[in-house]
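Quick notes on the structure that follows.
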């Protein structure tokens with residue numbers, strides 16, 4: 001008998017009929033002889049509603065984040081009770097568990113806590129009695145018993161963590177898409193659902209803009225060797241299995257293309273090329289909690305340098321203001337910026353054993369008259385910054401050029 005941890009997101013439990021659909025999927029897995037632990041998010045848009053209520057109160061005091069976690073944790077508690085009742089209505093023994101009741105212990109970082117430990121004794125006892133535990137995702141408690149939430153991707157992380165401690169055969173993440181696609185099918189109609197992808201590739205895709213899974217959950221799954229499967233709550237497709245690289249199989253050169261429009265570029269021109277200049281520029285940016293992504297530094301013949309970096313588009317105005325003040329203090333020539341850029345990335349473990357991927361990518365973009373503004377590479381990834389207006393054209397051209405429309409071998 002296998003053990004599955006099944007996680008259902010907000011769109012999958014947004015209404016009572018959808019909750020019944022989830023219950024039927026759980027029942028189907030049990031009828032096939034599997035034990036099931038279910039993890040659920042808050043009903044669709046419920047977390048947004050709770051955040052709006054907190055914004056109306058507008059309390060920014062020392063304990064505000066603690067109370068925000070208490071508030072946000074209620075969304076999942078509604079869902080677990082409704083799903084447990086729905087399962088019982090269909091004749092299945094079920095019991096709901098908050099994060100604390102499920103034994104999830106976190107650190108004390110409110111609104112973005114990290115899982116430290118899980119006491120799975122109670123959940124294991126329920127499974128042995130034939131009960132389906134329905135666990136609230138996204139939450140736990142610190143060692144003092146205070147309610148905490150896990151931040152973005154928290155329910156996925158909860159599911160993977162539970163699958164790890166329970167030694168589940170598979171952690172199944174149910175979403176509103178059929179799996180992990182070669183690229184966004186809304187941009188490239190020929191995009192196809194991958195049957196299999198490695199942890200390493202999925203981690204790159206998640207960190208580079210793919211919205212299917214949060215990078216924290218993939219990182220957790222990779223660390224504890226938990227097989228992940230992304231499935232749709234609304235179809236019977238087999239989804240995408242995310243697991244270790246299989247050396248017996250020939251890997252495709254490129255597995256996926258992902259992109260993000262949430263990018264802005266800033267450049268400081270005519271900076272003195274001396275030790276410590278990068279720290280002088282990026283230190284105040286970091287102090288403002290602005291995350292920097294790609295960085296390029298060019299040295300001219302006169303030993304001056306141009307320093308370029310990217311940030312999230314929402315941080316562009318603040319970063320520009322900081323950079324203009326820095327420019328005055330270090331006697332830079334000029335500060336320029338562009339908030340109409342996008343980052344496009346190609347990911348594939350096959351890059352390790354195939355030369356010429358970058359040159360082919362650059363040639364394809366050149367053939368479409370698309371200028372590359374910045375480049376970043378790793379062992380299995382190539383990212384470029386281009387003008388946002390060319391993003392969809394670039395994605396379609398690369399998807400075709402690297403034969404991503406072909407079926408998995």
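On the stretch given as region 164-174, residues that are in contact (Cβ under 8 Å) with a residue 60 or more places away in the chain, within 17 Å of residue 105 (Cβ to Cβ) and not in a loop (DSSP other than H, G, I, E, B) total 1.
Taking the criterion of being at pLDDT below 90 and either out of contact with any helix residue (DSSP H, G or I) (no Cβ under 6 Å at 6 or more places or on another chain) or more than 18 Å from residue 172 (Cα to Cα) (or both), the residues of region 189-223 that qualify are 207, 208, 209, 210, 211, 212.
Residue-level check: of (1) at pLDDT below 95; (2) touching a helix residue (DSSP H, G or I) at 6+ places or on another chain (Cβ under 8 Å), residue 64 misses just (2). Taking region 168-183 as the region of interest, how many residues are touching a helix residue (DSSP H, G or I) at 6+ places or on another chain (Cβ under 7 Å) and surrounded by fewer than 19 Cβ atoms within 10 Å (Cβ to Cβ)? Here the count works out to 1. The residues listed here are 396, 352, 363; of these, the one that is in the same structural domain as residue 266 (by TED's automatic domain parsing), over 22 Å from the mean Cα position of the chain (by Cα) and either in contact (Cβ under 8 Å) with a residue 60 or more places away in the chain or in a strand (DSSP E or B) (or both) is 396.
Flag set for residue 164, criterion: touching a helix residue (DSSP H, G or I) at 6+ places or on another chain (Cβ under 8 Å), under 24 Å from residue 76 (Cα atoms) and either surrounded by fewer than 24 Cβ atoms within 10 Å (Cβ to Cβ) or outside the structural domain of residue 238 (by TED's automatic domain parsing) (or both).
Of the residues contained in region 349-362, none is found to be within 23 Å of residue 305 (Cα to Cα), crowded, with 18+ Cβ neighbours inside 10 Å and modelled with pLDDT of 90 or more. Scanning region 297-311 for residues that are at pLDDT below 90 and in a strand (DSSP E or B) returns 297, 298, 299, 304, 305. In the set 36, 92, only one residue is closer than 23 Å to residue 3 by Cα, assigned by TED's automatic domain parsing to the domain that holds residue 157, crowded, with 22+ Cβ neighbours inside 10 Å and in contact with a strand residue (DSSP E or B) (Cβ under 7 Å, 6 or more places away or on another chain); that residue is 36. When residue 102 is tested against the conditions (1) assigned to a strand (DSSP E or B); (2) touching a helix residue (DSSP H, G or I) at 6+ places or on another chain (Cβ under 7 Å); (3) farther than 20 Å from residue 222 by Cα, the lone failure is (1).
Candidates 382, 370, 341, 322: the one that is in a helix (DSSP H, G or I), in the same structural domain as residue 294 (by TED's automatic domain parsing) and modelled with pLDDT of 95 or more is 322.
The values are calculated or read from the model by the stated rules, or taken from the named source; none is laboratory data. Everything numeric in this text was worked out from a predicted model, so none of it was measured. Note: ideal-geometry Cβ built from the backbone for every residue, glycine included; neighbour counts use all protein chains shown.
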